[in-house]
Each structure stands twice: as C-alpha cells, then as structure tokens.
Amino acid sequence: MSRKVAALTSDDLESLPERCQGCLFWELGMPRPIDLELSADELAGDPLVQKAAWWRALELETTVPGRLLRVDGEVAGWCLLGPPEAFARRRAPVPRASDDALFLATLWVEPAFRSGGLGRLLVQQAVKEAIRHERRAVEAYGDRRHRDAACVAPATWLLHEGFAVHREHPRYPLLRLDVRSIARWAEPLEHALEQALARLARRPERAPAPVPHRTAPLFRSRASPPRRSPR
C-alpha cells in the first residue's frame with residue numbers, strides 16, 4: 001500500500017469530498033453545510049469559486065494551505081492549515097488561536113481508510129509546516145461533541161495524538177502541540193539517520209590514547225613478614 005502526501009493547491013479542490021468543496025466555514029466564516037443540510041447540487045458552483053479564490057490568495061501570500069493524502073492513487077484524506085490570521089475569526093467566547101502557532105483548521109480521513117495512522121500522518125505534515133515557517137506550535141480546535149461530517153476534529157482524538165488543552169471552552173477548546181517536543185516527527189526516520197551519519201562523518205577522528213608503560217605489576221602481592229633468626 002503506497003501512501004503519498006502532496007500540497008493541496010487551488011487546482012486540486014475538486015478532489016475533496018463534495019461537502020468540503022462548497023464549505024466556507026473556515027475560510028470566510030460561513031455556516032457549515034452540515035448545519036444547513038444542503039445537497040451536493042446546492043453546494044456546487046459559487047461556493048467552490050469563492051473557496052478557490054481564497055485558496056489562491058493564500059498561496060500567493062504565504063503558503064499552500066492544505067495537504068492531500070492518497071493511498072494507492074485514491075484520495076484518502078486531507079487537511080487545511082495556515083497562519084491563524086488567514087482564517088475567519090471565531091466568535092467569542094471561542095478562544096483565539098495564538099500568533100506563534102500554525103493553525104490546523106480541519107482534518108479529514110475517509111471512513112474506509114481510518115485506523116491506519118493516516119490522521120497522524122496529516123498531523124505530522126502540519127508539524128513540518130510549522131517548523132518550516134518557524135512557528136512554535138500547531139494549534140487546532142477540538143469538538144467535545146463531535147459529529148462525523150463536522151468541520152472540527154474530535155477533541156479526544158487530538159488529545160490522543162499529543163495535543164494538550166491550551167485555552168478552555170465547554171465545547172470547542174483550543175488545543176496545542178508544542179513543535180519543540182515532537183521535532184522528531186519533522187522528518188522520516190531514514191532522513192534523520194542520514195543526518196546523524198553525516199554529522200559523524202564531519203567529526204575529526206581521534207587517535208586512541210596511548211597506554212602508559214608499566215614497570216611495576218598491576219597488583220602488588222602482600223609482602224611476607226620477615227623471619228626471625230633463631231637464637
């Protein structure tokens with residue numbers, strides 16, 4: 001089974017699930033399709049155009065705001081991420097994301113591909129992006145009453161993946177994953193091994209220290225007491 005993660009550009013948006021194509025919840029703060037119970041036909045057209053426009057603007061300003069995960073060529077999941085200021089601001093009392101963090105807005109894995117570590121793979125992509133942009137953490141909202149087709153990841157799952165509650169909220173706490181504590185996720189194991197070997201190759205080789213020449217025995221035997229001469 002081959003797994004491949006690639007940048008999700010504005011040209012790839014039609015690869016997303018139909019509800020995600022027309023959802024502008026994170027981009028423009030519009031109601032979620034799950035809340036409006038819109039059909040696929042009602043979601044087509046204008047919402048996708050607006051989504052693509054927002055996507056292209058962010059691509060030009062900072063970064064490609066998404067990753068697309070394929071398994072054996074089939075779309076298995078995706079995530080939306082970027083600087084917090086690029087996304088629609090949530091209404092109080094939902095806490096604001098921190099300025100020093102990369103914001104992981106949403107993450108989705110198709111039901112047929114779950115329980116295979118693909119969600120964690122997408123989190124790792126967010127960690128890599130945070131390191132690349134010199135962000136100290138990855139932050140995401142968690143939903144304590146998660147619905148399967150919702151736009152917010154389950155809080156219990158994020159906690160299981162290493163996130164911790166950063167700012168509390170009864171329904172949507174802001175969770176944070178410190179990049180410094182999981183920097184080992186930033187690169188695959190093979191690449192980390194190559195780096196370690198390269199560092200060793202650059203180290204000057206030290207000659208072994210000479211063994212001092214010993215003239216005395218390593219262990220001294222206890223001297224026998226002098227014998228008294230007979231009188």
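Computed quantities for the displayed model
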read-out	value
Gly162 being assigned to a loop (DSSP other than H, G, I, E, B), at positive phi and open to solvent by less than 70 Å² (accessible area, probe 1.4 Å)	yes
Of the criteria (1) acidic (Asp, Glu); (2) open to solvent by 10 Å² or more (accessible area, probe 1.4 Å); (3) out of contact with any Pro (no Cβ under 9 Å at 6 or more places or on another chain), which one Glu110 fails	(3)
Scan of segment 136-159 for residues that are under 23 Å from Pro17 (Cβ atoms) and open to solvent by 40 Å² or more (accessible area, probe 1.4 Å), ordered by number	Arg145, His146, Arg147, Asp148, Ala149, Thr156, Trp157
Pick from segment 30-45, criterion open to solvent by 20 Å² or more (accessible area, probe 1.4 Å) and not in a loop (DSSP other than H, G, I, E, B), ranking: modelled with the lowest pLDDT	Ala40
Enumeration of residues in segment 1-27 that are in contact with a Pro (Cβ under 8 Å, 6 or more places away or on another chain) and open to solvent by 40 Å² or more (accessible area, probe 1.4 Å)	Arg19
Residue in segment 65-78 that is modelled with pLDDT under 90 and open to solvent by 50 Å² or more (accessible area, probe 1.4 Å) present	no
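The values are calculated or read from the model by the stated rules, or taken from the named source; none is laboratory data. All values reported here derive from a predicted model rather than from experimental measurement. Cβ coordinates were reconstructed from backbone atoms using ideal geometry, including for glycine residues, and neighbour counts include every protein chain displayed. Just so you know, the surface numbers come from the protein's heavy atoms only, side chains and all, with ligands and any DNA or RNA stripped out. Shrake-Rupley method; radii C 1.70, N 1.55, O 1.52, S 1.80 Å.
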